[in-house]
Structures are given as C-alpha cells and as structure tokens.
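What follows is a short report on a single structure.
The values are calculated or read from the model by the stated rules, or taken from the named source; none is laboratory data. All figures in this text were calculated on a predicted structure; none of them were measured in a lab. Here the Cβ positions follow ideal geometry from the backbone for every residue, glycine too, while neighbour counts run over all protein chains shown.
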Amino acid sequence: MLGHGVGKTAFALKIAYNIANKGIKVAIISLEMSKIQLVQRLIAKEARVDSNKIRTGTLTEEEMEKVSEATARIFELPIFINTKARNIQEIEIYTRRLKNKEDIGLLIIDYIQLMKSQNKLYSREQEVSEITRTLKLLSLELKIPIIGLCQLNRNAAKNEPTLSDLRESGAIEQDADNVIFLYNKEDGDEQQNQNVEDIVIDLQKQRAGPLVKVVVRFDKRYNEFTNLVRR
C-alpha cells in the first residue's frame with residue numbers, strides 16, 4: 001500500500017480496526033509513529049472527534065464523553081502495537097512469538113523503507129530485497145497476510161503513479177502479491193472542505209484476481225475513509 005501523505009497509515013488502521021472488530025487478532029509494527037499517536041487516531045475514528053482536539057486536549061464535555069467511551073471500546077479490540085522493533089530480524093522474531101502466543105491473523109508494518117537489516121549488504125537495494133523476501137517467506141510460513149506500507153519515489157507522477165514508482169527496489173513489486181496505490185483524485189473540482197479529500201484506491205497488482213480502482217472520501221479530522229454517496 002503506497003502513497004505520499006494521502007492517509008496510508010489511516011487506511012491501514014481502518015483495515016486493522018475492521019479485522020480486529022471481527023475478533024481476528026492484528027499486530028501493527030510502526031517505525032514512524034508512537035503507540036500513543038496510533039491509539040489517538042483509532043480513538044478519533046471511533047469517537048468521531050477531531051484528532052487535533054484529542055492531541056491538544058481542547059475537548060468539550062460532550063467530546064470528552066465520546067472519547068472516553070471510544071477509548072474503552074478500542075482497548076477491547078485484539079490489536080497489538082509494537083513501536084520498538086527497528087530491523088527485519090527483530091520484526092521476524094516478534095511476529096513469530098506473537099503468532100505462537102496470540103495466533104494473530106494479520107500483520108501491518110508502517111513502513112518498509114524505514115526498515116533496516118542487521119546483515120551487512122552492498123547496497124540499499126539489496127537490503128530492501130532481503131526485507132521483502134523475508135516478509136514474503138514469513139507470511140507463507142505463518143499463514144497470515146502481511147501489509148507493508150511504502151512510499152513512492154519523489155519523482156512519481158502526481159496523478160496516477162505506476163509500479164515503476166516504487167522507491168528503492170523493484171523487489172517490493174516482485175515479492176508482493178498485491179500492490180495498492182493511494183493518491184488524490186484530480187478532477188478539477190475544488191474541495192469544499194480542506195479537511196476532506198477524495199482518494200483513489202488503485203489496485204495495480206493482484207496475483208489472483210482483476211485489477212480495480214475505486215474512489216473514497218478521506219476525512220483528516222477523524223482519520224476516516226468512507227464510501228462516496230452515489231447520486
């Protein structure tokens with residue numbers, strides 16, 4: 001899942017929330033955000049309260065009640081967050097232990113380009129290749145899907161990125177079963193609200209099915225994606 005500042009972490013959290021809400025245990029490994037930041041985003045989504053107000057503590061009494069109720073529901077979900085694993089070897093060990101102990105059904109990593117390897121390799125491209133291959137084998141061994149968030153090359157096309165825009169290594173495209181791009185929908189219309197954007201979800205690679213493209217609405221205040229209202 002790839003994109004530049006268009007809510008890829010929020011989209012991954014929505015997937016985690018929906019899966020965990022079905023009783024399936026989910027692990028999230030973040031190399032970019034703290035556990036508090038991730039939990040605040042989940043709470044904002046659940047409570048429908050502006051995430052900035054949660055961070056700054058400028059909540060009304062009604063909003064505080066919503067946040068309190070949402071917090072209780074979020075902490076009941078089977079979501080495990082790890083922000084300490086920094087390299088692929090640590091992530092591999094952590095995932096195996098959590099699979100054996102909790103039988104997790106999904107692993108999300110945010111994001112691949114921040115991952116390192118303890119092995120001394122000749123280039124960053126070789127390092128990324130080792131990381132993606134290890135994740136691929138780990139997914140097959142543990143029989144769980146692994147979602148790895150990525151960033152695109154800085155010179156990627158603004159409107160519709162392609163597989164060639166994957167940053168640092170073609171191994172990401174090669175080892176991934178599915179590749180999903182997130183990017184802003186450019187239709188010439190100005191957004192009525194700067195907090196709301198229409199985002200294209202573009203499935204550009206799928207080993208076992210057709211390629212599809214849909215447009216959803218992303219509300220930055222609540223870190224929430226919703227379907228567009230059909231007229």
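Return a yes/no flag: does the stretch 58-79 have any residue that is under 30 Å from K143 (Cβ atoms), at pLDDT 95 or above, part of a loop (DSSP other than H, G, I, E, B) and aliphatic (A, V, I, L, M). Yes, there is a match, as at least one residue in the stretch 58-79 is under 30 Å from K143 (Cβ atoms), at pLDDT 95 or above, part of a loop (DSSP other than H, G, I, E, B) and aliphatic (A, V, I, L, M). Taken together, I112, I108 contain a single residue that is at pLDDT 95 or above, of a type outside the set (D, E) and closer than 21 Å to L166 by Cβ, which is I108. Pull up the stretch 99-130, narrow it to residues that are in contact with a strand residue (DSSP E or B) (Cβ under 8 Å, 6 or more places away or on another chain) and of a type in the set (V, I, T), then point me to the one that is farthest from K22 (Cα to Cα). Result: I112.
Once the stretch 11-55 is narrowed to residues that are more than 17 Å from R73 (Cβ to Cβ) and more than 15 Å from the chain's Cα centre (by Cα), the residue that is surrounded by the most Cβ atoms within 10 Å (Cβ to Cβ) is D50.
The set of residues in the stretch 52-84 being in contact with a Lys or Arg (Cβ under 6 Å, 6 or more places away or on another chain) and touching a residue at least 24 places away in the same chain (Cβ under 8 Å) consists of P78, I81, T83.
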